[in-house]
Amino acid sequence: MKAILCTHFGTPDELELADIPQPVAGPGEAIVRVKAAALNFFDTLIIAGKYQYKPPFPFSPAAEFSGIVESIGAGVTRFLRATA
């Protein structure tokens, strides 16, 4: 699958489109096929290394997104897989 990744601190122009392995939902997790994502001020601070939280590289920025729940892990009870 394709993902936009931050591999080092920098600007939005330095984000990379990469092929990554298909994720598998673990306990308490949901896999969402993202249809739209926002890169807002908060995200730009994180990718620049200027926010107090610094996730390990590589990571996909975008605190806000919309999509379709594709699969769920054990213990998830609030989301159902789309059947459309």
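The values are calculated or read from the model by the stated rules, or taken from the named source; none is laboratory data. Since the model is a prediction, treat every value here as computed from it, not as a measurement. Cβ sites come from the backbone with ideal geometry, for glycine too, and all protein chains shown count toward neighbours.
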Exercise. Look at the range 5-15 and say how many of its residues are free of Cβ contacts under 8 Å to residues at least 40 places away in the same chain and assigned to a strand (DSSP E or B).
Key: 0
Quiz item: Across the range 43-66, what is the number of residues that are surrounded by 12 or more Cβ atoms within 10 Å (Cβ to Cβ) and at positive phi?
Solution: 1
Practice problem: Within the range 43-82, track down each residue that is in a loop (DSSP other than H, G, I, E, B) and among the hydroxyl-bearing types (S, T, Y). | Solution: Y51, Y53, S60, T77
Exercise. State which residue is surrounded by the fewest Cβ atoms within 10 Å (Cβ to Cβ) when the search covers only the range 17-42 and only residues that are touching a residue at least 40 places away in the same chain (Cβ under 8 Å) and part of a strand (DSSP E or B).
Key: A18
Exercise. Would you check which residues across the range 26-40 are over 13 Å from the mean Cα position of the chain (by Cα) and either of a type in the set (V, I, T) or modelled with pLDDT of 95 or more (or both) and list them?
Key: G26, P27
